[in-house]
Amino acid sequence: MTKQLSVQQFPKFTERKNEPAWLTAFRKRSYHEMEKAKAPQFRYGQYIDMSIEGMDINRLVTAKETRMQVKTRIPDRRIIATPDLSDARLTLEVQELLSATPAEPDEQHQLYYFNQAFIENALAIMVPEDTAAEEPIEVEYDVREGSSISALFIIAGRNSRSRVVITTSGGEKGAYIANTLRVLAMPCATIEVVGVQNVSREAVAVQTRKALVKKNAELNWIELQAGALHAKLDVRARLMEAGASVETIVLYQAKGRQRQDICTSVVHVAPKTDSYTTTRGVLNDRAKALSRGLVKIEKDAAGSNGYEKQDALMLSDTAEADAIPNLEIHNHDVKCSHGSAVGQIDSEQLFYLTARGLPEEEAKELIIQGYFIPALEKIPDHEIRKRIMLSLNREWNVEPALAAAADVQDETVPSPSPAKKQEKEQHSEGYYKTREEGRAVSDKPAGIGMLKKEAAIDALKSVEDPEIGLDVWTLGLIYDVTIQEGNKVIIKMTFTSPACPYAPQLVAEIKVALAGKGFKDPEFDFVFDPPWQPSEEVRMMLGML
């Protein structure tokens, strides 16, 4: 339990801190910048206003007691985790992170500097050189009472591999919960950082993520924003040396009067660097969201590739969403593109599903799940993918059985791109062989349940892919059909692509067709890796040969 202080009491705040001189100097610089900076005005253009109502820097931190638990789960004893930033094993790296990740132009306001000057809870984690953490490192922030300002530093050593999962929860009405995360990925490191923000919907959450990615290092950002009355998230990365890469996935959801203000930024400083950014959200009621993105190519970053995509799906006429993608290119020998799509739920798709007997709410839930699946499929870790999908299910009441779309088994630690490619190629060879053997058995079901399995297959043959014009069985989308006691059927299947727009429609039609054969509440096991490939027979049918 700690007592936080008001802005006017900053000198006493630093005096009672037993910390190294360089950290105190950083606080004081931030405090002096805060005194000079303007009040935060989160207005973008003439019509987009994401200002935090009632924001007053002088009243953000009060003398009220703060109760916050910080739990860590360190799966490998070689990994260092300490609240002591003066620890000689990581002091130089923490100082590098602080000095090389200054406030960006759009961050130079009082709120940003306030969050740096008044850090109350700090934690540093270092994954040593050549260490492969087989299990995820977990950090949990649970704000029980009052407000919270915390900082987390993660150093991924040279040639290390790791995953870090950060969850933030709790908060009461009017609570201010701020967290700044800085990541340093040393040469050839591979690190996946997952953030799940699910604080009270009566609190304000401000989260800043910054990363420095060095030679041939690979960083995967994954963020889920679900809680807070007003949530502000900034995810930024600088690709400092050749071969560095970053993939950023931000998923968000908002209901009631929630606001989501999201910014992603990747700066390509060095040549031959790669970035891929996806932001995708769903809004309902009077919720409001803004997604801003930037891919910046510096003049020395020749041969780099950058891509960003921002999408938002609105479930009500009163929800508001804006997407602002930006490219800033200072070298012509690059490949960059961006895109955005903001719109209402597809009325024709909704009509089609309800016309097949699905209640409107269930039809919407299927569409929502199908909307998130392409982004979820990019998350390499099975357990993390499942955790995020379950959070989405709780929020939108999506049928739990359909969470199998996120349940693609992959127990391997993230590895650098060349290894990933080789692993996938090896996996694909065995997978297609197994699939063909399985199909040979499935075409001639035998033993107990033979007639039921034949009936299920007949039902599947009646469901046609509207885009291609062949039924899902002939098309090869069905990998296996399992019949269990009590007329329970499990369908293992895929789609022509993870982003197939007809996925919810096909699932709904399969459920209706199976119900006609006496099978109720079928379970689905969706498989996306490796992707669907048509057989030679199907290719001939489609005129692809």
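Other residues with beta-carbon under 13 Å from the beta-carbon of Arg29 carry, at +1 per Lys or Arg and -1 per Asp or Glu, a net charge of +1.
Phi angles of the range 472-478 translate, via the Karplus equation with coefficients 6.51, -1.76, 1.60 and θ = phi - 60°, into HN-Hα couplings of 5, 6, 4, 5, x, 7, 9 Hz per residue; Gly and Pro are given as x.
Taking a sphere under 12 Å around the Cβ of Val94 and counting the other residues whose Cβ falls inside, with K and R at +1 and D and E at -1, yields a net charge of -3.
A straight line joining the Cα centroids of the range 165-182 and the range 485-545 runs 41 Å.
With 27 Å as the limit, the listed pairs Lys210/Lys296; Lys492/Lys517; Lys173/Lys309 have Lys173/Lys309 beyond it between alpha carbons. Taking label positions 7 Å along the Cα-Cβ direction at both Glu523 and Arg144, the computed distance is 3.9 nm, reported to one decimal. 3J(HN,Hα) along the range 264-270, derived from phi through the Karplus expression 6.51 cos²θ - 1.76 cosθ + 1.60 where θ = phi - 60°, amounts to 10, 8, 10, 10, 8, 8, 10 Hz, with x in place of Gly and Pro. Taking amide hydrogens as placed 1.01 Å from N in the peptide plane, the amide H of Ala323 sits under 5 Å from those of Ser291, each at least 5 positions away in sequence or on another chain. Summing Lys and Arg as +1 and Asp and Glu as -1 over all other residues whose Cβ lies under 9 Å from the Cβ of Val463 gives a net charge of -3. Can you compute the label reach from Ala242? Point 7 Å from Cα along the Cβ direction, backbone N cut-off under 15 Å, restricted to the range 301-315. Answer for this model: 301-305. A simple rule links phi to the HN-Hα coupling: the Karplus curve 6.51 cos²θ - 1.76 cosθ + 1.60 with θ = phi - 60°, which for the range 500-512 gives 3, x, 9, 4, x, 5, 5, 4, 5, 5, 5, 4, 5 Hz, with x for Gly and Pro.
Distant-in-sequence amide contacts of Tyr479, defined by a placed amide H-H separation under 5 Å and a gap of 5 or more residues or a different chain, comprise Lys492, Met493, Thr494. Available extension along the chain between Arg73 and Thr24 is 14.8 nm, counting 0.36 nm per residue and deducting the alpha carbon span.
For Arg209, the residues 5 or more places off, or on other chains, whose built amide H falls under 5 Å of its own are Leu181, Asp234, Val235, Arg236. Remark: spin-label model distance Glu15-Thr91 equals 2.5 nm, labels positioned 7 Å along the Cα→Cβ axis. Spatially, the range 209-277 and the range 98-158 are offset by 14 Å when compared through their Cα centroids. Simple spin-label estimate for Asp346 and Ala132 gives 4.1 nm between the two label positions (7 Å along the Cα-to-Cβ direction from each Cα). Packing, as the average of other Cβ atoms within 10 Å across residues, places the peptides 523-529, 269-275 in the order 269-275, 523-529, highest first.
Read-outs throughout are calculated quantities, based only on the coordinates presented, and are distinct from any laboratory measurement. Note that the coordinates shown come from a computational prediction; the quantities given were computed from them, not determined experimentally. Cβ sites come from the backbone with ideal geometry, for glycine too, and all protein chains shown count toward neighbours.
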